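The values are calculated or read from the model by the stated rules, or taken from the named source; none is laboratory data. What you are looking at is a predicted structure, and each value in this text was computed from that prediction instead of being measured. Glycine also receives a Cβ, built like all others from the backbone with ideal geometry; neighbour counts cover every protein chain displayed.
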Amino acid sequence: MTTGDELSLDELDPELLALIGASAPTVAPPASLRASLLDAVSSNDPRIALAGFSGRLRRLFDLSPRAVDDVLAAVARPELWETYLDGVSLFHFEPGPRELAAASRVDAGLVRFRAGMAYPRHRHLGEELTLVLRGGFREDVTGLEVVAGDLLHRAPGTVHGHEIFADEDCVVAVLLYDGLPEFVLGLRSVAAGRIRSRWPTKRRAWCSAASSTSSCRG
């Protein structure tokens, strides 16, 4: 509802709106903008190619902009990663103080899965938040397909495995609460750390800038 002489867009004649739109001047974007977009798409620097995830990483992990840049830069630095299982490597980083205070144990890191592999079925002791940065996977229990840009939430006690899509490696950012998951072998459960190696214990002191977390899928 409007008052006085004001009109809302809903009250304007559609033909009049179309006429106004057609008469508006066309402004070409600057050449520098097109060049920047092309550079971002083709860049080998993950801080540029994955820049669209910066805000979500800051909110989800309670990180500063500088810390997010360091995390994204690590995607292209294999010497910083540690082998976890055959076809799986990890880069550990420390989340901000909000997340560290959220549970008795909080683990954060990037995980890279080899294209086409099957990640073993496992049970989560606490909550898990997974933000997919590259590639994707299918959950073997639910059949849910998760691709770059999806944020997946799984509750404590969830049991699932991942079938990684074959077209490219999958890189995810993971936040784990209350300990590492247990791999499920037949009717037995084996702590993930005893299969091959423990989640890296290296700690990197990132600055933090608290903000609210983004909504989750799942």
Entirely in the range 69-180, the strands (runs of 3 or more DSSP E) that have 1 or more residues that are touching a Cys at 6+ places or on another chain (Cβ under 7 Å), surrounded by 21 or more Cβ atoms within 10 Å (Cβ to Cβ) and free of Cβ contacts under 8 Å to residues at least 40 places away in the same chain:
136-139
Within the range 26-63, track down each residue that is assigned to a helix (DSSP H, G or I), more than 30 Å from A101 (Cα to Cα) and at pLDDT 70 or above.
A31, S32, I48, A49
Among the residues of the range 70-110, which ones are within 17 Å of L57 (Cβ to Cβ) and of a type in the set (G, A, S)?
A73, A74, A76, G96, A102, A108, G109
